[in-house]
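Peer 1: Can you keep this structure in mind? I'll have questions shortly.
Values quoted throughout were computed directly from the atomic coordinates according to the rules given, and no laboratory measurement underlies them. Not measured: the values here are computed from a predicted model. Ideal geometry is used to build each Cβ from the backbone, glycine not excepted, and the neighbour counts take in all protein chains shown.
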Amino acid sequence: MTKPAPHILPSIVIAQFCCTSLWFAGNGVMSDLIANFALPPGALGHLTSAVQLGFITGTLLFALLTITDRFSPSKVFLISALFGAGCNFGVLWESNTLPTILAFRFLTGCFLAGIYPVGMKIAADHFDKGLGKSLSFLVGALVLGTALPHLLKGVALALPWKGVIATTSGLAVLGGILIAAGVPDGPYRKPSTGLDLNATFTIFKQPQFRAAAFGYFGHMWELYTVWAFVPVMLVAYREAHPNTDFPVSLLSFAIIAIGGLACVLGGFISQRLGEKRTAGWALGLSGSCCLLFPLVFVLPYPGVFVSFLLFWGMVVIADSPLFSTLVAKNAPVHIKGTALTIVNCIGFAITIVSIQLVTALQTTLSPKWLFLVLAAGPVLGGMALFGKKGN
């Protein structure tokens, strides 16, 4: 097989960045949504969970119907990007209420199911050797796309919140067109011969696949809750230390976005240590951050607190592309897309529980204790990854 054309990986990465900006578009303008539509204070958790629930629903349907393995991934990506952009744009409807905004965010999540895991499938179809490094760039793009709304809100003071929503929708359209126009189906693609409703269940019988998948599930228990609550952490610290003042939106962007760099670094490190060991190190370090948060939170040193969050932002995501690589390598080639999709589906279902749990605990726990519960994910994920069956 010849090497992929030089433009293939950059095209996938740029398209992934553009389209995944839809993910946290609502979080980036949360204060404006609350003010304009009279949303309750708990809307942050609900709107984040709506996207996750939509993603779970979409990935479940994609996996059960083996859509990514039966149809051209590039075309699936384009269609999902266009519909996702339209649903995101629906947030601008002036008659919106909490239920309608939740519906738009839910549908946006549904169509993200045709973007994130499908983008990984497209990369896997083009790259055999060096898949871990390729996926590290891809997940890095997801991280930057996720963080982008915070940046738009933080630096573009002249850009109203509606401009943030419109910009992310426009980027998604651009990303879909970029894939459709410049990235054909890859040489390693092996289309499924037909509908296989049992594929989703049979792949978990393989021990190596199961170990990688369960390690990923532990990682997901922590990841999106940390991302969703980064602004909450910063505001809580500012309130606990009255002399502290920092730009919450810009720092939120930096703390999430720096994970993109960590993904790329993790991809290169994994070429020396292996995907499994590198993922294990990242999982252990991010779990340690969960446990250390109460101590760092009470220190009256804003620089230390922000540096700690930046470090956490790196290690909390660095293992994600490595788990996806392990899943892809241990899945049957003809249902590789379905395997990636169903693992994403279950992983994001776990984020719903995690986000809602932390949201509920906000009413009873001090912010400094709020994130201890997230340590359970890395601990259980590490046990699954390195347990007897995973060796």
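Peer 1: List the pairs from Lys3/Lys190; Lys75/Lys162; Lys75/Lys205; Lys133/Lys205; Lys133/Lys329; Lys75/Lys276 whose alpha-carbon separation is above 21 Å, in the order I gave them.
Peer 2: Lys75/Lys162; Lys75/Lys205; Lys133/Lys205; Lys75/Lys276
Peer 1: Now a separate question. Highest first, please rank the peptides 70-76, 59-65, 269-275, 301-307 by the mean number of other Cβ atoms sitting within 10 Å of their residues.
Peer 2: Descending packing order for the listed peptides: 59-65, 70-76, 269-275, 301-307.
Peer 1: Hey, another quick one. Rounded to whole Å and sorted largest first, list the principal axis extents of the Cα atoms in the chain.
Peer 2: 61, 49, 36
Peer 1: Quick one: which of 315-326, 162-173 comes out on top by average Cβ neighbours within 10 Å, and what's the full order, highest first?
Peer 2: My ranking of the peptides, most packed first, is 315-326, 162-173.
Peer 1: Additional query: For a footprinting-style exposure proxy, rank Lys368, Lys3 by other Cβ within 10 Å, fewest first.
Peer 2: If I rank by nearby Cβ atoms, fewest first, I get Lys3, Lys368.
Peer 1: Rounded to the nearest Å, what's the spacing between the alpha carbon centres of the stretch 295-331 and the stretch 73-127? Just the number, please.
Peer 2: 26 Å
Peer 1: With the cut-off at 15 Å, report for the stretch 201-303 the share of all Cα pairs above it, as a whole percent.
Peer 2: The answer is 72 percent, as a whole percent.
Peer 1: Return a whole-number percent for the relative contact order of the chain, with Cα pairs under 8 Å and 6 or more residues apart as the contact set.
Peer 2: Rounded, it is 27 percent for the chain.
Peer 1: Rounded to the nearest 500 deg cm²/dmol, what is the calculated helix-only ellipticity per residue at 222 nm for the chain, with -39500 (n - 2.57) per DSSP H run of length n ≥ 4?
Peer 2: Taken over the chain, the calculation gives -24500 deg cm²/dmol.
Peer 1: Here's another thing I want to ask about it. Going by how many other Cβ atoms sit within 10 Å of their own, how do Met30, Met220, Met383 line up, fewest first?
Peer 2: Fewest-to-most Cβ neighbours within 10 Å comes out as Met383, Met30, Met220.
Peer 1: Now for a different question. Please work out whether the stretch 246-308 counts as rounded, prolate or oblate from its C-alpha gyration tensor, where a ≥ b ≥ c are the square roots of the eigenvalues and a/c under 1.5 means rounded, while otherwise a/b larger than b/c means prolate and anything else oblate?
Peer 2: oblate
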